[in-house]
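Remarks on the structure that follows.
Each reported figure results from applying straightforward, stated rules to the coordinates on display, with no laboratory input. Please read all numbers here as calculations on a predicted model, not as lab measurements. When we count neighbours, we look across all protein chains shown, and the Cβ atoms used for this are built from the backbone with ideal geometry, even at glycine.
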Amino acid sequence: MCEKDLASTFYNKHTLRISRLNKLMNIHAYSISKVNGPGNRFVLWTQGCSKGCSECFNPLTWSFKENILLTPEQIFELIKNSDIDGVTITGGDPLEQEDILSLLMLISTLDLRKGVILFTGYSIDEINKDFLLRKSLSYIDVLIDGRYEKDKKISSGLRGSENQNILYFSDKIKPDEIMIDQEIEVGMRDDKIYVTGFPNISRKILRELGVIIK
Ligand code: SF4
């Protein structure tokens, strides 16, 4: 199987189960945050990732079991009605959601000052070999690509490991805005403490302490 077919099969295999749900997107969580990119941001964590990176920062997002099911239009309404400068979409792997393109196209109509940042476990080479994945690049401002490689872990900026690339598709976000300190936000929901952001402390230890990491 050529790499193009492989990428498409990879994509289709793990999105078919979502398409059976009438193009609902499977969402892990969403929140407003100041530590997931520049400005006040709407952060969307998608549910489902097939990559299986060792020591993944958020294995709770791996399962494709239905969690919060929303259409792209419903998510867009939430975003549109929020006081934000930009949107960050992460996971899980957002590019394993069948209707991510519809959502990105809707968000682009808002022309947000601090744009759209998207994290994916696919490498840019894999994305460029698949028509639908490549098309999504037209509607984002910054892409952070690639699997998390624990032996290349880094402790500054939004990347998790050195192999990942930060790719800019507009000038809405400057490189120094991505190289932010690894800050965190701590909150409480349903009697559970959760942390979002890029903590410069062991996520494994946080999990052992019962802290939910988004
Ligand atoms: S691609 Fe991201 S969410 Fe998926 S396993 Fe790797 S680090 Fe975890």
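Here the spin labels are modelled as points 7 Å beyond Cα on the Cα-Cβ line, and at residue 85 and residue 179 they lie 1.8 nm apart. Principal axis extents of the C-alpha atoms in segment 22-74 (largest first, rounded to whole Å): 32, 31, 13. Farthest toward the positive end of the dipole of segment 3-182, out of 40, 24, 52, is the Cα of 24, where the dipole comes from beta carbon charges about the Cα centre.
Note on segment 113-167: Cα-only Rg and Dmax are 11.7, 35 Å. In the structure shown, the pairs 34/135; 65/150; 23/135 are assessed against 22 Å; a Cα-Cα span above that value is assigned to 34/135; 65/150. Extension gain, residue 65 to residue 138, is 23.4 nm, computed as 0.36 nm per intervening residue step minus the present C-alpha separation.
Taking the alpha carbon gyration tensor of segment 3-182, multiplying each eigenvalue by 5 and rooting it gives semi-axes of 22, 20, 16 Å, largest first.
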